[in-house]
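The values are calculated or read from the model by the stated rules, or taken from the named source; none is laboratory data. Since the model is a prediction, treat every value here as computed from it, not as a measurement. Glycine gets a Cβ as well: all are built from the backbone with ideal geometry, and neighbour counts include every protein chain shown. For the accessible areas, the whole protein counts, side chains as well, though only heavy atoms, and no ligand, DNA or RNA atoms are used. Shrake-Rupley method; radii C 1.70, N 1.55, O 1.52, S 1.80 Å.
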Amino acid sequence: MKKIALPFLIISILSFSCDNNESIEIGPTYDRSSLLENWYNHHINIGISDFKSKVEMVGEMVDLLNNEKTLSSLTKLREEHLKAWKAWQKIEMFNIGKAEEIYYKDKMNIYPVNSARIEANILSGNYDLKNDANNYAAQGFPTLDYLLYGIGSNEEEILEKYTSDNKYLNYLEAVSDEMILNTEKVVNDWETYKNEFISSTDNTATSAVNLMVNDFIFYYEKGFRANKFGIPGGVFSSTPLPEKVEDYYSKSNSRTLSLEAFDAIQAFYEGKNLSTGISYSGASLKSIITKLDTKEGDDNLGNKISYKLKSAREKIVILDQNFIDQIQSDNNTFLQTYDAIQEVVVLLKVDMLQFLSINVDYVDADGD
Amino acid sequence: MGYSIIRFWSKGWIEELYILPEFHFSYYGFEWVKPIGEYTYILFLICFMSTVFITLGYKYRVSIITFFLSFTYIELMDKTTYLNHYYFISILSFLLIFLPLHSTFSVDSFLKKKSFSKVPSWSIDSIKLLITIVYLYAGIAKINSDWLFEAMPLKIWMTSKYDLPVIGELFLQENWVHYLMSWGGMLYDLSIPFLLMYHRTRIIAFLLVVFFHVFTLVLFPIGMFPHIMIFSAMIFFSSRFHENAIKKLKSAIIKLNRSLENYTSQSIEYYKIKNEKFVRTVLFLFFLIQLILPFRYNLYPGELFWHEQGYRFSWRVMLIEKIGYTNFKIKDPNNGTSFIVDSSKHLTSFQLKQMSFQPDFILEFAHYLGDIYSTDETKVEVYAESYVALNGRASRRFIDPEINLYKEKESFKNKDWILPLNDEIKGI
């Protein structure tokens, strides 16, 4: 026993003595409960309550159009549709709890829409928006985009569709009702889910911390990078596919929607309040990574991700408001933006996950 | 081992790992070993039955050969699941084929009415030698600068265990704990076989074994490994210790079944091994390979932990934390158009994770994709966009993006399309 005890003792003394200055910095400060509280208070709660009121406004404007079938009603509806769509960009990443259970994000924002399906639904008046997965691409914001911009070549023609008979209006109502209903489900569930969420701090595959980090990365990679840029830009196909942009029918808000989404991503990562943009105290994804990576300054991963996000945003800002035009006139610039966004994916999925050592394993491993 | 198979089965891993995936990563030279559809269950059943027979000591020789073959076949089906302790089981069972484990206290000896009290000492020593090699090589592999001077990757793993009761927040976040564990682990591996051999330190050493492996069991998801190592360490105990244990077990069995009391067998002192010369030659070669194989990495230039050429089958356990992100670009050489493949359509998330940082996986999958996207007229080109991070270092490009992997062939030659780590991990 002496044989073993001695070297152990020596080593422990050695490591004690040489790390005194460091251990202050790397103490047990990765406070996950503060992280979850911040996520709920500064992002989720703000985002979903703001969105709820905006999506309800869409419903009111649909009612207005129903009562007064005028161009002014259509314009007002279009305005509220855009406002709500922008607010949606802030919460699509929170695909957790009830949202995940009811396929909230699939029902709210799948694009490109299936216009043939929409027309068939309108014609038959017989459809199931709740349970039929084939109807995911026939509801939500992109479908409203189609119904408000895509069913005629100008405003008058579109209005005509709503005045001639009730079929289009019925579908418009059904879609907006469904969006409001699903949103209420999610918002109400958060009232009870909140406490469970905040206290689920473990490092297990099903804990809220890990689920949320995975959701965040997944959203950045798929919902943001691939859907908004990669797919229409032609990264995953032999040729560009501009018909797959998010606002294919209104055509004038692609950049706005992307920037809204990006700002929410940036705020989430940096630890800034979703609406005010002011840094909050306590833990954020960035603060935890910065502490876990022992490198300093520009080499520290926390800062590296910040820089890369910043330069990605600069590349988005210079794009045309209409991504279809951008892709058709100068896809190279569009793909450069994609590359800048992609660089962050590498940092999130490789470097960040390495430090967080997030437990998603379900098979034994011996670390080799 | 029987339990291990039941555990594997009950977790649904047979289906998940061997039946559902459309593609399996093969070992070089063993591409013909593939899961056999629904029959894979029968393979596992055969493997399980052989463990029961081995434990009872019934038809020992046939059973252990069956076990070795079926278990090794299972492991060869997909290298995604490679673990050092599966390899250990495989070669241990190979070794056991040549040893007379059924000489006493077994159904075989009961039926033949022959029981042997002594077997050649080399037969037991060879098991001890194998375990010694495992620990010793695992210890030697830990003598490297990442492990000892950066406390990597233990630092990453331990800080992420903040949710463990009591020790998680207080203990595992401390820098000195990471270093203590790294150095302690290295010294443990290097010294434990010798402490087990020496009769005075044996009890303490065994307690250390139990403590160490239970500790790793709590900290890391390493499955059956701790159990296996704890039990195999018991081979170091003297024959007297085991005889006493067996005596107690025997009397318990007799209490259960009185009729056995009248059973007598011819007790012979020495077990004579047939073809002893042949067996000894096989074992000599076997151990020679075991001693040399872990050093084969010296044949490859560059950093072993980075390119992993010569990494497997060498008792390098818990040494690297590696994460990769690898996408494949399919290029049509005729018109220059290209696109990125969604790999998750072809691989399970576990395969995807393993593929992303191991060059031989990347190459094999690139060929699989090349086969899919090529037509009779056009042979496509396959390029990898690959980034890997190792032991807390920043991620960097892993595979040369200019190299058409579809043209590269798997072999034991150095893969020169792996980009260098540009950092040195000193060590043996």
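If you go through region B:359-390 one residue at a time, how many are open to solvent by 10 Å² or more (accessible area, probe 1.4 Å) and at the interface with chain A (Cβ under 10 Å from one of its Cβ atoms)? So the count comes out to 2. None of A:Ala84, A:Ala137 is farther than 20 Å from A:Leu64 by Cα and among the hydrophobic types (A, V, I, L, M, F, W, C) except A:Ala137. The single condition among (1) within 14 Å of another protein chain (Cβ to nearest Cβ); (2) surrounded by 12 or more Cβ atoms within 10 Å (Cβ to Cβ); (3) out of contact with any Gly (no Cβ under 6 Å at 6 or more places or on another chain) that B:Phe286 does not satisfy is (1). Picking from residues in region B:397-412 that are touching a Phe, Trp or Tyr at 6+ places or on another chain (Cβ under 9 Å) and of a type in the set (D, E, K, R), the one that is farthest from B:Ile143 (Cα to Cα) is B:Glu402. Here B:Ile246 meets each of (1) in contact (Cβ under 8 Å) with a residue 40 or more places away in the chain; (2) buried (at least 19 other Cβ atoms within 10 Å of the Cβ); (3) not polar (S, T, N, Q) with one exception, condition (2). When A:Phe323, A:Phe334, A:Phe268 are screened for being in contact (Cβ under 8 Å) with a residue 60 or more places away in the chain, touching a Ser or Thr at 6+ places or on another chain (Cβ under 6 Å) and more than 14 Å from every other protein chain (Cβ to nearest Cβ), only A:Phe323 passes.
The criterion of at least 3 residues that are open to solvent by less than 30 Å² (accessible area, probe 1.4 Å) and under 22 Å from A:Glu243 (Cβ atoms) is met by the following helices (runs of 4 or more DSSP H) wholly inside region A:269-357: A:323-329, A:331-346. From the list B:Tyr82, B:Tyr60, the lone residue that is within 21 Å of the chain's Cα centre (by Cα) and either on the phi > 0 side of the Ramachandran plot or aromatic (Phe, Trp, Tyr) (or both) is B:Tyr82.
Please determine, by comparing only the residues of region B:309-322 that are of a type in the set (A, V, I, L, M, F, W, C) and open to solvent by less than 30 Å² (accessible area, probe 1.4 Å), which one is farthest from the other protein chains (Cβ to nearest Cβ). Here the residue is B:Trp315.
Here B:Ile330 meets the list (1) touching a residue at least 24 places away in the same chain (Cβ under 8 Å); (2) closer than 20 Å to B:Ile425 by Cα; (3) within 11 Å of chain A (Cβ to nearest Cβ) almost entirely, failing just condition (2). Of the residues in region A:24-39, at least one is modelled with pLDDT of 85 or more, under 30 Å from A:Asp202 (Cα atoms) and among the acidic types (Asp, Glu).
Kindly evaluate B:Lys255 against the criterion of being more than 14 Å from chain A (Cβ to nearest Cβ), over 24 Å from B:Thr132 (Cα atoms) and touching a residue at least 60 places away in the same chain (Cβ under 8 Å). No, not satisfied. Among the residues of region B:41-53, those that are over 21 Å from the mean Cα position of the chain (by Cα) and closer than 24 Å to B:Ile246 by Cα comprise B:Met49, B:Val52, B:Phe53. For region A:227-244, taking the residues that are of a type in the set (D, E, K, R) and surrounded by fewer than 22 Cβ atoms within 10 Å (Cβ to Cβ), the one that is farthest from the other protein chains (Cβ to nearest Cβ) is identified as A:Glu243. Quick one: how many residues across region B:274-317 are among the aliphatic types (A, V, I, L, M), under 25 Å from B:Phe98 (Cβ atoms) and at pLDDT 90 or above? Here the count works out to 8. Of the candidates A:Tyr127, A:Tyr149, the single residue that is away from chain B (no Cβ under 14 Å), more than 20 Å from the chain's Cα centre (by Cα) and either open to solvent by less than 40 Å² (accessible area, probe 1.4 Å) or under 17 Å from A:Glu246 (Cα atoms) (or both) is A:Tyr149.
Just one of B:Asn334, B:Asn298 is surrounded by fewer than 18 Cβ atoms within 10 Å (Cβ to Cβ) and not in a helix (DSSP H, G or I); which is it? Checking each option against the conditions leaves just B:Asn334.
When you scan region B:376-387, do you find a residue that is touching a residue at least 40 places away in the same chain (Cβ under 8 Å) and part of a helix (DSSP H, G or I), even just one?
No, region B:376-387 contains no residue that is touching a residue at least 40 places away in the same chain (Cβ under 8 Å) and part of a helix (DSSP H, G or I).
All of A:Lys291, A:Lys286 fail the test of being away from every other protein chain (no Cβ under 14 Å) and of a type in the set (Lys, Arg), apart from A:Lys286.
Name the single residue, out of those in region A:47-62 being open to solvent by 50 Å² or more (accessible area, probe 1.4 Å) and touching a residue at least 12 places away in the same chain (Cβ under 8 Å), that is farthest from A:Tyr104 (Cα to Cα). In this case the residue turns out to be A:Glu60.
For region B:55-70, a residue qualifies if it is out of contact with any Ser or Thr (no Cβ under 6 Å at 6 or more places or on another chain) and either within 14 Å of B:Val107 (Cα to Cα) or among the hydroxyl-bearing types (Ser, Thr, Tyr) (or both), and the qualifying residues are B:Thr55, B:Leu56, B:Tyr58, B:Lys59, B:Tyr60, B:Arg61, B:Val62, B:Ser70.
The requirement of being of a type in the set (Lys, Arg), assigned to a helix (DSSP H, G or I) and either within 30 Å of B:Glu150 (Cβ to Cβ) or in contact with a Pro (Cβ under 7 Å, 6 or more places away or on another chain) (or both) is fulfilled nowhere in region A:254-262; no residue meets it.
Only residues that are open to solvent by less than 30 Å² (accessible area, probe 1.4 Å), within 11 Å of chain A (Cβ to nearest Cβ) and in a loop (DSSP other than H, G, I, E, B) were counted in region B:337-358, giving 4.
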